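The values are calculated or read from the model by the stated rules, or taken from the named source; none is laboratory data. What you see is a predicted model; the values in this text were computed from it and never measured. Quick reminder, even Gly has a Cβ in these numbers, built from the backbone with ideal geometry, and neighbours come from all protein chains shown.
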């Protein structure tokens, strides 16, 4: 037979205790005794019955701590642990309830505390319900009056919204799965802008389907905002805490998710009136500004008739000046043309003169010094040229 150390046996016992599913999630009922509170705010007490007792610990923020009082019988939810250093078995509680509330109530409190600690109830994650939904999904029984009540309210308040029913069982063992399937179907459809999860009033047992953990997680993961409307105003279920918004009744949910059509018409009419009044004031102000500008222009506009007359006179003077100068220039051109023609060599030749030039160099002969006997010359007349030879060169006697 093997021999174990205290630590080995302690570790073995700890593993047995903390791996037992029954001991990890259980309710225990008993009477409180030896209650004391540490400086940190944690409660230490003994939970006992007629024959046995169990050491218990409740931390500072445990739900229901205010019920702890020596001599009071309570129901506690929690888990069993083994503390090796002291060799003791302890109960770590996380929920305290008054004894005699029943299993449904205790399970409700346990699940509520668990999901709250996981953050499923956080206000920060809750989404805003659309103000003007085009499509409203409803998860409820197709045979009850709840769906008809919701439709009547929506039709009265906001007939523009379309209603889609995702039929589900709302009572019984199969109800949680049926409601989950309906919510998933509406999310898969994708058309609804908001989902109403509704059921009429009933006992805690009849409403227990809405305290189901799987349903709570389905509502939490829904991509579409949800509104819970379960039972009466005083009934609170786990689904109410997880949903983005809680309505006291199904009819109230229909009102919460839709605007008042009549009020909208009135509001639009008032907005149109206000817009008309503002436009009228603005139009009148602009008209006054335009009239003032026109009046100012009329007073400051120059005398166009006088300007036109002055321009016309200037144009006439310019025309006369241009005509006079043009005539004078024309006469000067004619006179100078006649003068130039009179001075031209051709005119001189026509008067009987001739131009004598050397035959090769084509130089005009202006002196007898440029000539020699037998030199070939060209004589240009008005109507032709004559070639000749110099016979003799005779100088004039001075």
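(1) within 28 Å of the chain's Cα centre (by Cα); (2) in the same structural domain as residue 225 (by TED's automatic domain parsing): which one isn't true of residue 126, the others all being true?
All conditions pass for residue 126, except number (2).
Quick check on region 305-314. Is at least one of its residues in a helix (DSSP H, G or I), surrounded by fewer than 10 Cβ atoms within 10 Å (Cβ to Cβ) and modelled with pLDDT under 85?
Among the residues of region 305-314, at least one is in a helix (DSSP H, G or I), surrounded by fewer than 10 Cβ atoms within 10 Å (Cβ to Cβ) and modelled with pLDDT under 85, which makes the answer yes.
With the structure loaded, tell me whether residue 251 is without any contact (Cβ under 8 Å) to a residue 12 or more places away in the chain, closer than 19 Å to residue 147 by Cα and assigned by TED's automatic domain parsing to the domain that holds residue 155 or whether it fails that test.
No: the conditions fail for residue 251.
Which one of the conditions (1) buried (at least 19 other Cβ atoms within 10 Å of the Cβ); (2) in contact (Cβ under 8 Å) with a residue 60 or more places away in the chain; (3) out of contact with any strand residue (DSSP E or B) (no Cβ under 9 Å at 6 or more places or on another chain) does residue 218 fail to meet, given that it meets all the rest?
Here residue 218 clears every test but (2).
Sort through 177, 198, 173 and tell me the only one that's outside any helix (DSSP H, G or I) and surrounded by fewer than 23 Cβ atoms within 10 Å (Cβ to Cβ).
Unique residue meeting the criteria: 173.
Determine whether residue 391 is loosely packed, with under 10 Cβ neighbours inside 10 Å and touching a residue at least 12 places away in the same chain (Cβ under 8 Å).
Against the criterion (loosely packed, with under 10 Cβ neighbours inside 10 Å and touching a residue at least 12 places away in the same chain (Cβ under 8 Å)), residue 391 qualifies.
Can you give me the number of residues within region 55-80 that are in a strand (DSSP E or B), over 53 Å from the mean Cα position of the chain (by Cα) and surrounded by fewer than 17 Cβ atoms within 10 Å (Cβ to Cβ)?
2
Quick check on my filter: what residues within region 254-274 are part of a helix (DSSP H, G or I) and either in contact with a strand residue (DSSP E or B) (Cβ under 9 Å, 6 or more places away or on another chain) or surrounded by 11 or more Cβ atoms within 10 Å (Cβ to Cβ) (or both)?
Of everything in region 254-274, those that are part of a helix (DSSP H, G or I) and either in contact with a strand residue (DSSP E or B) (Cβ under 9 Å, 6 or more places away or on another chain) or surrounded by 11 or more Cβ atoms within 10 Å (Cβ to Cβ) (or both) turn out to be 254, 255, 256, 261, 262, 264, 266, 267.
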